[in-house]
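One structure is given below, encoded as structure tokens.
The values are calculated or read from the model by the stated rules, or taken from the named source; none is laboratory data. Remember, predicted model here, so these are calculated numbers, not experimental data. Note: ideal-geometry Cβ built from the backbone for every residue, glycine included; neighbour counts use all protein chains shown. The area values use the complete protein model at the heavy-atom level, side chains included, leaving out ligands, DNA and RNA. Shrake-Rupley method; radii C 1.70, N 1.55, O 1.52, S 1.80 Å.
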Amino acid sequence: MTYSTLDTSLSKVLGGRTATAFEKAFGYTSVGDLLGHYPRRYASKGELTNLAHLPRGETVTIVAEVRDVRERPMRNKRGGILEVKITDGTGILTLTFFNQSWRSQELRVGARGIFSGKVGEYRGVSQLAHPLYELFDEGVGNETAAKESSDEGSSLRIERFKDAPIPIYPATGTIASWQIERSIEVIFDSLPQDLSLIPDPVPESVRRAEKLVGYGQALKQIHRPENDGEWQPAAHALRFQEAFLLQLALLERRALLAEQPAEPRPIRVGGVLEGFDRDLSFTLTSDQRVVGERISAELAGTRPMNRLVQGEVGSGKTLVALRAMLQVADSGGQAALLAPTEVLAAQHFRSIVHTLGPDLAAKLIPVLVTGQLSAAERKRAMLQVASGNSRLIVGTHALMAESVQFFDLGLVVVDEQHRFGVEQREALRAKARTSPHTVVLTATPIPRTVAMTVFGDLDISTIRELPAGRAGITSHVVPLVEHPGWINRTWQRVAEELKQGRQAFVVCPAIAPAKGSSSGSETLEPDSEILLDDDEQPEKKTRLATVEETLVMLRQHPQLSGARVEGLHGAMSSEEKDAVMQAFAEGEIGVLVATTVIEVGVNVPNASTMVVLNADRFGVSQLHQLRGRVGRGQVPGLALFVTEAMEGTLARERVEAVASTLDGFKLAQVDLELRKEGDVLGTNQAGGKSSLRLLRVVRDGALIERARELAETVLAEDQGLHKNQLLRRALDRRLDETAREFLGKS
């Protein structure tokens, strides 16, 4: 008998129609793909599911009991509506079927089963319209679903697993959880009866050391557990395997980068960096010195540096990067700084020119490259870059254009790395003749487990210490639900700061109301990271504050009469944005109403106040970044987070967490615990095959560290895994080329 393998196509085992459905729904094409679709939880036949907090608009799979069955005629059409109420013992959910009265013979009062469908609402009541279902009663089930799944194998074996946990799988509107279970049943029937014959990618020595269940047995126990004591060790073994393969991929990427040659860029005695350091009007912090010395030594090496520099908002990461750029310029090479927005690129450019002074600026000829340059400006900039006359280049995504050619690109600095896609960053690196050195900057501190999971191929430096002389920031939550009148006090505080000669930011989550809409739907900033889903308050639709409406309101506010109030957002032209930012930096504008275009890099020491409207719509790290725009000089900072989120909700908890501390590293851990796993890892950039399935960086930190230790040992003994072809194939199957590049470049 010929058995299936992990590489066998689903169409061969399940049939073409079912295989096509899985490919469309999940991207799965092989037996191994589907066996890697693990249950998200387990239910028992006696279990009832809490119906009180079902998310509207999402497909759910629930276990419940039929409470009531009624049929009524439709008002304006022929036929009837069958309404079936199911319960968890406290809440009620309605199932609605049109012209399918025969289902009343199946869905009898007292029947229990699994129900799946999209949660909708009708007259304020949650309902599932035409849901799929599978009843626990023997011989009773969804006949339509059974017919549709005729080529997927036998029906759900309820009697065979009478007392076993019921796997509940991540499902879609087209494939229900039990249909996935049926298909996996068919796959198991096609596998060898002795599951130890399924190749295990984790080396036997590692399995013994970690006391892991074998791969084949783990697959059986996680998909077909006979009791709760079976799926738990299986999940641990598969979770470890996932971490182990992930760390192998990252370590391989690091080794590959280390093998590539790079042009050494040593410090030049009497060069521009030496003069720059001599003329600095302040002393570097100890963290800046330590990180700077490490980068300097790596620039002088023959292997490309790949270093992530993380640090608090305002800790001086950009200065460290500028010193590295000057060291490369001293060697005759070029350094390019890639910024996520035109506002930030222009600010970096002006800051570099100002910091260098007229003599050094004339020698190094810094240029700015953005998409909004005129044809003549762009031509001049391209010539300076291509000829090598300009050794310091600052730009946005425009730097990746084919027309931008470098003379000798030696260093790439990526500011705020999370704002760029993998391909964009690599496109800039590819413009160098030899592998350039790379410094990645982030003002969003990264917890250790995330760093190991996403940035495992980069060396990481941390700058915690803030420059001396900062006046600090005081943060407050303005809870309008409990104290609606406090919004007036907010604008009064802004007015008080302005009277002392200071300036203020007011941040809105949206640019303008949607045209022709009265529902509060707004035009969001492009690439916005605003959290639009407020699951904690589904009944309350809070209208988002917009730049346009807030501008009108503040210009008419009696407390701010006489103050110049201007707006800034991504829909403005490059010239408009630059003019507004320059005017604000020079103190001509008192209040700047903006979207998150001012989130990073904007440095106006005289700005003392940051008001964030709808603060609960922003993430923890984003609020921390926004707050970092004030308190950057000797003027004390004040951050006011205005929110209508109710006390006790997750949305309110985010805001209160930021207000409670200025420690970005502590907030990074809070952010990790509050956010979804996919948000943390940025899996949308990599495609489905690289996203984590069982592994969770919040929960599995110790396991990830252990997996990395063992992966390092395996690679040290067998670099390239030439002696372990089984592990080599498993790694290639789990992480295809696109996913490996994602893991290496993120």
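One table, with the values for the structure above:
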item	result
Qualifying residue in segment 502-511 (condition: assigned to a loop (DSSP other than H, G, I, E, B), at pLDDT below 95 and more than 26 Å from residue 606 (Cα to Cα))	no
Single residue of 25, 19 found to be assigned to a helix (DSSP H, G or I), open to solvent by less than 20 Å² (accessible area, probe 1.4 Å) and modelled with pLDDT of 90 or more	19
Every residue from segment 93-128 that is surrounded by fewer than 16 Cβ atoms within 10 Å (Cβ to Cβ), at pLDDT below 85 and among the aliphatic types (A, V, I, L, M)	125
Test: residue in segment 558-575 that is at positive phi, open to solvent by less than 70 Å² (accessible area, probe 1.4 Å) and modelled with pLDDT under 90	no
Checking residue 197 against (1) among the hydrophobic types (A, V, I, L, M, F, W, C); (2) modelled with pLDDT under 95; (3) closer than 19 Å to residue 6 by Cα; (4) open to solvent by less than 20 Å² (accessible area, probe 1.4 Å), the condition it does not meet	(4)
Output for segment 714-746, where each listed residue is at pLDDT 80 or above and open to solvent by 70 Å² or more (accessible area, probe 1.4 Å)	716, 717, 719, 722, 723, 725, 729
Every residue from segment 216-262 that is open to solvent by 50 Å² or more (accessible area, probe 1.4 Å) and either of a type in the set (Phe, Trp, Tyr) or assigned to a loop (DSSP other than H, G, I, E, B) (or both)	226, 227, 231, 260, 261
Listing of helices (runs of 4 or more DSSP H) fully contained in segment 621-698 that carry 1 or more residues being at pLDDT 85 or above and in contact with a Leu (Cβ under 6 Å, 6 or more places away or on another chain)	650-660
Failed item, numbered, when residue 315 is tested on (1) closer than 26 Å to residue 622 by Cα; (2) over 26 Å from the mean Cα position of the chain (by Cα)	(2)
Single residue of 353, 385, 413, 404 found to be at pLDDT 90 or above, in a loop (DSSP other than H, G, I, E, B) and buried (at least 17 other Cβ atoms within 10 Å of the Cβ)	404
Output for segment 351-372, where each listed residue is without any contact (Cβ under 8 Å) to a residue 40 or more places away in the chain and more than 23 Å from residue 267 (Cβ to Cβ)	354, 358, 367, 368, 369
Out of 612, 597, 670, 635, sole residue that is open to solvent by 10 Å² or more (accessible area, probe 1.4 Å) and within 18 Å of residue 550 (Cβ to Cβ)	597
The listed residue being charged (D, E, K, R), at pLDDT below 85 and surrounded by 20 or more Cβ atoms within 10 Å (Cβ to Cβ), out of 539, 525, 497, 529	525
Checking residue 30 against (1) closer than 22 Å to residue 130 by Cα; (2) of a type outside the set (Phe, Trp, Tyr); (3) open to solvent by less than 50 Å² (accessible area, probe 1.4 Å), the condition it does not meet	(1)
Residue among 320, 290 that alone is under 31 Å from the mean Cα position of the chain (by Cα) and open to solvent by 20 Å² or more (accessible area, probe 1.4 Å)	290
